[in-house]
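The values are calculated or read from the model by the stated rules, or taken from the named source; none is laboratory data. Keep in mind that this is a model prediction, so the values were computed, not measured. Virtual Cβ from ideal backbone geometry, glycine too; neighbours counted across all protein chains shown. What goes into the accessible areas is simple: the full protein's heavy atoms, side chains included, and nothing from ligands, DNA or RNA. Shrake-Rupley method; radii C 1.70, N 1.55, O 1.52, S 1.80 Å.
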Amino acid sequence: MFALTLVLVGVLSAGESLTSGPLEEVADGYEFTEGPLWLAADEKWIFSDVVADTVYDSNGERHLKPSGNINGLAIDNDGRIVACQSGTHSIVRFERNGQVSVLASELDGKALNSTNDLVVRSDGVIFFTDPKPLRRDFESSLGYAGVFALWPETGELKAIATDLKYPNGIALSPDEKTLYVSDTNGS
């Protein structure tokens, strides 16, 4: 069992040094936690337990089961939660009326692999990673692991990197000019 431990670090300005406080265990007893997301309005974290197919909050409350094996979580520019639903190979958005909208699940008629992590740029574009699962029985329709850009308003989806072995974590620099992607099984 894994414990969810959050390490909070601040953004550095020029000339500042990085300081951190003690680790704080928020909760434990989970199988494989991912995608912590701070919900400022609710003053709590939500996160997924991918293996348990469940989304929880930092108070231990279960929010969604089954979750479709949600992994990465983010907030879009309209305050809605967007998520990588790896079990359905999709990027989904949770609407205010409780409905779930599928924003992307395929490219050129081929199913995505196993959507993993995402970040939302200030103009609303969603960047996400889509590695091939490590299971030996998985056959990729796409034929590659990718990093994608999704324009949710139009549904346009573009592969922007197809040469990584296992694109995983993803983040934008503060000025949004650099996209960082972790290739966790790369050489």
Next on the checklist: Can you find a residue that is within 17 Å of the chain's Cα centre (by Cα) and either open to solvent by 90 Å² or more (accessible area, probe 1.4 Å) or modelled with pLDDT of 90 or more (or both) anywhere in the range 5-21?
Outcome noted: no
Checklist entry - Of (1) in contact with a strand residue (DSSP E or B) (Cβ under 7 Å, 6 or more places away or on another chain); (2) open to solvent by 20 Å² or more (accessible area, probe 1.4 Å); (3) within 25 Å of P36 (Cα to Cα), A104 satisfies all except one. Which? => result (2)
Checklist outcome for this item: Restricting attention to the range 26-56, the residues that are under 23 Å from F128 (Cα atoms), out of contact with any Pro (no Cβ under 8 Å at 6 or more places or on another chain) and of a type outside the set (G, A, S) number exactly 12
Next on the checklist: Can you pull out every residue in the range 158-173 that is assigned to a strand (DSSP E or B) and farther than 10 Å from G146 by Cβ?
Outcome noted: N168, G169, I170, A171, L172
Checklist entry - Among T154, T184, which is under 18 Å from G35 (Cα atoms) and open to solvent by 50 Å² or more (accessible area, probe 1.4 Å)? => result T184
Checklist entry - Residue check: is D130 charged (D, E, K, R), under 29 Å from K177 (Cβ atoms) and open to solvent by less than 20 Å² (accessible area, probe 1.4 Å)? => result yes
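Matching residues to (1) in a strand (DSSP E or B); (2) free of Cβ contacts under 8 Å to residues at least 40 places away in the same chain; (3) basic (K, R):
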| site | (1), (2), (3) |
| --- | --- |
| F127 | yes, no, no |
| K132 | no, yes, yes |
| S140 | no, yes, no |
| D175 | no, yes, no |
Checklist entry - Quick one: would you say I75 is within 11 Å of the chain's Cα centre (by Cα), modelled with pLDDT of 95 or more and open to solvent by less than 30 Å² (accessible area, probe 1.4 Å)? => result no
